[in-house]
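Remarks on the structure that follows.
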Amino acid sequence: MATPSTGPSFHLGAMPGQIADTVLFPGDPLRAEWIATTYLSDVSCYSKVRGMLGFTGTYNGRRISVQGSGMGQPSLAIYANELLSHYGVRTLVRVGSCGALTTAVGLRDLVLAMTASTDSAMNRVRFESFDYAPAADFFLLRKAYDLAVARSLPVHVGPIAAIDSFYSEVPAQLLRLAEYGVLAVEMETAVLYTLAAKFGARALTILTVGDHVVTGEATTGEERERGMAAMAELALATVTDD
């Protein structure tokens, strides 16, 4: 577990104490702003560095921060490292979108990432070619699943893939992953789970299916916003409901 520092970090620029120990972690900084202004009270913006917005407020009596991570694992790793090592964050919940890899998962469904395979070299460098298996915090995962079921939300739990290329040059690779039970593809979770483990923190990824790799279907902007609301509410309940 890291000891919080006394000054601002390089990329977030917030002072210690401005960021809560629980952070929702969307990729898009404008989604971070939307979540904060829609659901939190007494909201303050603690970071505008490079346009990667971060906010802190209160939800159901709990202090919560919402921080944009950018796209891809290298970008998320910068912010996750600073949140965990510099500000002492203990819980990170990614809320993002994904592409479904199996017809068992439909558009607008929720996916809780149990594990995250990856084609990124980040962990190969970190573990000197050893195949480390990044996994979610079990208790966060179980709580999110139970809450989703109680709310009658369409939810799936299983492995996902975090890949480096949005426009894949090897589409057959995604279908091969599906043959091995991988439910969906996105671009961030493997490094999130790895860094949470490194710093003894908890992490979970909750995703909304925005498009379907198999069928070619895709949601509209309005549908994605509705899905974001259900996902954000589930994430907030997961980190605040006792």
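The values are calculated or read from the model by the stated rules, or taken from the named source; none is laboratory data. Fair warning: this is a prediction, and the values are worked out from it, not measured in the lab. Every residue, glycine among them, receives a Cβ derived from its backbone with ideal geometry; neighbour counts consider all protein chains shown.
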Residue pairs qualifying under the 7 Å Cβ cut-off, at least six apart or on distinct chains, with the first in region 105-133 being touching a residue at least 24 places away in the same chain (Cβ under 8 Å) and the second being in a strand (DSSP E or B) and polar (S, T, N, Q), are R108/T208; L110/T208; A113/T205
Given S129, S75, which one is on the phi > 0 side of the Ramachandran plot and of a type in the set (S, T, N, Q)? S129
Would you confirm whether or not region 64-74 contains a residue that is over 14 Å from the mean Cα position of the chain (by Cα) and farther than 16 Å from R94 by Cα? no
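Using the structure shown, decide if G221 is loosely packed, with under 14 Cβ neighbours inside 10 Å and modelled with pLDDT under 95. Before you say what the answer is, go through the steps one by one.
Values: loosely packed, with under 14 Cβ neighbours inside 10 Å: yes; modelled with pLDDT under 95: yes.
Considered against the rule, which asks whether it is loosely packed, with under 14 Cβ neighbours inside 10 Å and modelled with pLDDT under 95, G221 comes out as yes.
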T37 passes all but one of the listed conditions (1) assigned to a loop (DSSP other than H, G, I, E, B); (2) more than 25 Å from T118 (Cβ to Cβ); the exception is number (1)
Residue count, region 42-67 (criterion: farther than 13 Å from I19 by Cα and part of a loop (DSSP other than H, G, I, E, B)): 4
